[in-house]
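Every number in this text was worked out from the coordinates using simple rules, so none of it is lab data. Values in this document were obtained by computation on a predicted structure and should not be read as measured data. Cβ sites come from the backbone with ideal geometry, for glycine too, and all protein chains shown count toward neighbours.
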Ligand code: HEC
Ligand code: HEC
Ligand code: HEC
Ligand code: HEC
């Protein structure tokens, strides 16, 4: 092999590495990984409606709301591709929901639906027990639904959803009012560094 070949091979390897790191999305790691540090948030999330959002796709659940949207209240929508993306965590993404058999723990709207896939920012959290700057977390994929309505609108924008403001005004999404309904996701602690290991 002459040195032109070698140069060629190393250039293509370099290109591959760069393109992969640019395209790479952080991996979803699951609620329990977050819970190992954020016990309090996890406990109040677990009983919230977001945590249980997968169950309402099952037959017999929310019959009236399904009828209102011309859905069949006795049908199982838990495998319907048109539905699951907004009722689970990380559908079709690395580490995210695939099916209820393969990834039961990614069913429901979990931590990473609102905070972004944790594969990379979890290390920042681990290394900074007294907090860190958002500007350090964001490049690692952490999202802030409190600063950016689009985080919530990914689902509450109702794109392709059977329930939306055209069907009934109650489905109108008011971002600031929704943020105040902390019991729908988890009760926020006040102040910094109050997590418990
Ligand atoms: C090794 C422990 C650890 C793990 C695992 C962990 N965190 Fe954290 N997290 C922390 C610490 C420490 C802080 C900073 C102190 C604080 O705000 O309580 C923090 C802060 C946060 C904040 C506040 C961010 C800010 O800018 O104020 C959010 C939101 C958060 N974590 C979500 C998550 C989510 C979601 C996961 C799982 C994907 C996760 N964390 C995994 C320890 C951890
Ligand atoms: C674009 C995201 C999205 C898609 C796609 C989606 N949903 Fe939802 N779904 C939501 C959101 C957000 C809510 C919360 C209600 C609201 O919008 O205020 C919800 C609420 C519901 C509810 C409860 C409504 C109530 O008033 O109790 C049912 C039942 C439901 N969805 C079933 C389905 C079914 C079945 C499908 C597929 C045919 C589906 N969803 C597709 C986002 C979505
Ligand atoms: C429906 C959206 C949603 C879900 C689901 C959610 N969070 Fe949050 N969380 C928020 C918002 C909004 C804030 C305010 C800061 C921000 O914009 O990220 C927040 C703040 C936090 C904070 C910092 C404030 C505090 O409580 O001390 C932590 C830590 C946190 N979340 C952890 C978690 C963990 C762990 C889970 C899963 C068990 C989770 N969150 C699930 C929306 C959500
Ligand atoms: C992955 C999709 C998804 C994301 C992202 C999401 N939600 Fe939701 N949200 C839902 C679904 C599905 C429901 C319906 C739960 C039910 O009716 O039981 C819901 C319900 C709600 C409700 C009504 C809860 C109740 O108990 O009636 C509020 C308030 C809400 N979301 C606020 C937010 C806020 C604020 C954000 C962003 C920080 C957010 N959501 C992000 C899917 C999502």
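Laid out as a table, the results:
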| quantity | calculated |
| --- | --- |
| Ranked 168, 127, criterion: other C-beta atoms within 10 Å, fewest first | 127, 168 |
| Estimated FRET transfer efficiency (residue 127, residue 25; beta-carbon r; R0 35 Å; 0.05) | 0.95 |
| Peptides 152-164, 65-77 ordered by average Cβ neighbours within 10 Å, highest first | 152-164, 65-77 |
| Principal semi-axes in Å for the range 56-120 [√(5λ), Cα gyration tensor, largest first] | 25, 12, 9 |
| Candidates 48, 184, 12, ranked by Gaussian network fluctuation over the chain, Cα under 10 Å, top entry | 12 |
| At R0 = 45 Å, FRET efficiency that the Cβ-Cβ distance of residue 167 and residue 12 yields, to 0.05 | 0.30 |
| Residue among 29, 84, 187 with the largest mean-square fluctuation in a Gaussian network model of the chain, springs linking Cα atoms under 10 Å | 187 |
| Helix-only mean residue ellipticity at 222 nm for the chain, each DSSP H run of n ≥ 4 adding -39500 (n - 2.57), per residue, nearest 500 | -9500 deg cm²/dmol |
| Difference of contour (0.36 nm per residue) and Cα-Cα distance, residue 99 to residue 148 | 14.7 nm |
| For the chain, built as a Gaussian network whose Cα springs stay under 10 Å, the top-fluctuating residue of 121, 144, 171 | 171 |
| Footprinting exposure proxy for 41, 123 (fewest neighbouring C-beta atoms within 10 Å first) | 123, 41 |
| Estimated distance in nm for a label pair at residue 63 and residue 183, the labels positioned 7 Å out from Cα along Cα-to-Cβ | 2.6 nm |
| Rg/Rh for the chain, where both radii come from Cα atoms and Rh is the Kirkwood radius | 1.07 |
| Cβ-based exposure ranking for 42, 97, in which fewest neighbours within 10 Å come first | 42, 97 |
| Helix 3-23 vs. the chain, principal-axis angle (Cα, 0 to 90°, nearest 10) | 20 degrees |
